[in-house]
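The block underneath contains the structure these notes are about, expressed in structure tokens.
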Amino acid sequence: MPNSNDVHVFVSYAHADRERVKPIVDKLKAADLSVWWDTEIEIGSRWRDTIQDRLEHAKSVCVIWSNNSTERDFVLDEAQRGCKRGVLVPVLLDDIEPPLGFGQVQFASLAYPATFDEQMGRIITRIRNLSKGGVKVEEWESIDNQARTTRYGAQEAERFLQDVRAR
């Protein structure tokens with residue numbers, strides 16, 4: 001099982017759809033993405049703790065909306081947490097509307113087999129973009145240093161202008 005911080009995508013779905021979701025997971029893995037879904041919960045672990053950890057640390061949350069999943073509290077909660085973090089990747093498995101509260105979020109639809117590969121390409125691209133996202137600590141330090149230098153330069157320029165005006 002990958003380290004929590006190395007998970008590119010957490011897959012949220014209804015257990016009744018497991019066989020229908022497996023080809024999606026296989027495509028994501030074939031694209032060299034680190035995928036976590038509940039089939040990877042280790043025996044003897046506290047499954048709620050494991051799910052919460054992976055959900056909080058995954059770089060994206062791919063919710064699979066289906067006739068089954070839109071009725072599941074856990075799926076709705078996982079999707080809400082992904083949405084709140086700004087890392088939700090919603091996918092329609094059936095020809096349905098997303099549940100209330102998720103209709104404003106752009107989704108990919110796998111409901112039509114003819115567009116499966118095209119839509120999977122969009123999904124993979126979004127997950128990769130989210131995985132690259134975020135600013136590393138070193139970059140923040142560099143930005144902060146530049147900002148301090150700019151503030152110092154602005155202060156010096158203001159002092160110079162005040163000196164010129166005084167003369």
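The values are calculated or read from the model by the stated rules, or taken from the named source; none is laboratory data. Since the model is a prediction, treat every value here as computed from it, not as a measurement. Please note: Cβ atoms are built from the backbone with ideal geometry, for glycine as well, and neighbour counts cover all protein chains shown. Note: accessible area is taken over every heavy atom of the protein model, side chains too, but ligands, DNA and RNA are not part of it. Shrake-Rupley method; radii C 1.70, N 1.55, O 1.52, S 1.80 Å.
Say we look at the range 126-147 and pick out the residues that are among the charged types (D, E, K, R) and modelled with pLDDT of 50 or more; which of these is most open to solvent (accessible area, probe 1.4 Å)?
Narrowing the range 126-147 to residues among the charged types (D, E, K, R): 126, 128, 132, 136, 138-139, 141, 144.
Going one step further and asking which of them are modelled with pLDDT of 50 or more, we end up with 126, 128, 132.
Working: Arg126: 104, Arg128: 101, Lys132: 154 Å².
By that ranking, first place goes to Lys132.
Determine whether Ile64 is on the phi < 0 side of the Ramachandran plot and either part of a helix (DSSP H, G or I) or touching a Pro at 6+ places or on another chain (Cβ under 8 Å) (or both).
On the way: on the phi < 0 side of the Ramachandran plot: yes; either part of a helix (DSSP H, G or I) or touching a Pro at 6+ places or on another chain (Cβ under 8 Å) (or both): no.
Spelling it out, it is not the case that Ile64 is on the phi < 0 side of the Ramachandran plot and either part of a helix (DSSP H, G or I) or touching a Pro at 6+ places or on another chain (Cβ under 8 Å) (or both).
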State whether one or more residues within the range 31-46 are on the phi > 0 side of the Ramachandran plot and of a type outside the set (Ser, Thr, Tyr). yes
Is one or more of the residues making up the range 60-67 more than 19 Å from the chain's Cα centre (by Cα) and at pLDDT 95 or above? yes
Taking Asp32 as the residue in question, decide whether it is outside any helix (DSSP H, G or I), out of contact with any helix residue (DSSP H, G or I) (no Cβ under 8 Å at 6 or more places or on another chain) and open to solvent by 20 Å² or more (accessible area, probe 1.4 Å). yes
Any residue in the range 14-31 that's under 22 Å from Asp77 (Cβ atoms): show its pairings with residues that are open to solvent by 70 Å² or more (accessible area, probe 1.4 Å) at Cβ separation under 7 Å, as long as the two are six or more apart or on different chains. Ala14/Arg72
Restricting attention to the range 81-125, report how many residues are out of contact with any Phe, Trp or Tyr (no Cβ under 9 Å at 6 or more places or on another chain), open to solvent by 50 Å² or more (accessible area, probe 1.4 Å) and not in a helix (DSSP H, G or I). 6
Being in contact (Cβ under 8 Å) with a residue 12 or more places away in the chain, part of a helix (DSSP H, G or I) and surrounded by fewer than 17 Cβ atoms within 10 Å (Cβ to Cβ) is the requirement here; does Thr70 meet it? no
As an exercise: evaluate Val105 against (1) free of Cβ contacts under 8 Å to residues at least 24 places away in the same chain; (2) over 15 Å from the mean Cα position of the chain (by Cα) and give the number of the one condition it does not meet. (2)
(1) buried (at least 22 other Cβ atoms within 10 Å of the Cβ); (2) more than 21 Å from Glu97 (Cα to Cα); (3) among the β-branched types (Val, Ile, Thr); (4) out of contact with any strand residue (DSSP E or B) (no Cβ under 6 Å at 6 or more places or on another chain) all hold for Ile41 apart from (1)
